[in-house]
1. Please specify each residue of segment 96-114 satisfying the condition of being modelled with pLDDT under 95, away from the ligand (no atom under 12 Å from the Cβ) and touching a strand residue (DSSP E or B) at 6+ places or on another chain (Cβ under 9 Å).
2. Taking the residues in segment 61-78 that are within 12 Å of the ligand (Cβ to nearest atom) and touching a residue at least 60 places away in the same chain (Cβ under 8 Å) as candidates, determine which candidate is nearest to residue 48 (Cα to Cα).
3. When residue 48 is evaluated against the numbered criteria (1) more than 12 Å from the chain's Cα centre (by Cα); (2) more than 24 Å from residue 139 (Cβ to Cβ), which criterion, by number, is the only one it fails?
4. From the list 82, 15, 93, which one is more than 15 Å from the ligand (Cβ to nearest atom), buried (at least 16 other Cβ atoms within 10 Å of the Cβ) and at pLDDT 90 or above?
5. Identify the residue in segment 109-132 that is free of Cβ contacts under 8 Å to residues at least 60 places away in the same chain and under 8 Å from the mean Cα position of the chain (by Cα) and, among all such residues, is surrounded by the fewest Cβ atoms within 10 Å (Cβ to Cβ).
6. Which condition from (1) without any contact (Cβ under 8 Å) to a residue 24 or more places away in the chain; (2) within 15 Å of residue 115 (Cβ to Cβ); (3) not in a helix (DSSP H, G or I) is the one that residue 28 breaks?
Ligand SMILES: [Zn+2]
């Protein structure tokens, strides 16, 4: 875990700039990983692990993707998160990001953001409005 305590706003701006660059090139360089590690500590390693293991799936509501959620298979459980707004159903996000404000985000949201920025051509699931609503209501993803 990095001990750098950057002012939150500055850290977010820097993070967004890096993600924009990744989105522009569809590539993640070692330098970017290094800066992300400074900002987020070991969360970046967890997130990259999820990507390597193809643990991220994009779920969209309707073919035009009016709403988008991401599921991440994390060991025994699958968590669901959003990029806009940044939100995750895991304990770490609720305690460390929302309550203590000690982390910018959790490893799941980070994995979803990187997945989106890198535009992985990996499986996505398209749901109709009702099923998507149920997905969000239950916060679980049916197999
Ligand atoms: Zn999470």
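1. Selection gives nothing.
2. Step by step, filter segment 61-78, then rank; the result is 71.
3. The single condition residue 48 does not satisfy is (1).
4. 15 is the lone residue from the list that is more than 15 Å from the ligand (Cβ to nearest atom), buried (at least 16 other Cβ atoms within 10 Å of the Cβ) and at pLDDT 90 or above.
5. So, considering only residues that are free of Cβ contacts under 8 Å to residues at least 60 places away in the same chain and under 8 Å from the mean Cα position of the chain (by Cα), the one surrounded by the fewest Cβ atoms within 10 Å (Cβ to Cβ) is 109.
6. Among (1) without any contact (Cβ under 8 Å) to a residue 24 or more places away in the chain; (2) within 15 Å of residue 115 (Cβ to Cβ); (3) not in a helix (DSSP H, G or I), the lone unmet condition for residue 28 is (1).
The values are calculated or read from the model by the stated rules, or taken from the named source; none is laboratory data. Just so you know, these numbers come straight off a predicted model, no measurement behind them. Cβ atoms come from the backbone with ideal geometry, glycine included; neighbour counts cover every protein chain shown.
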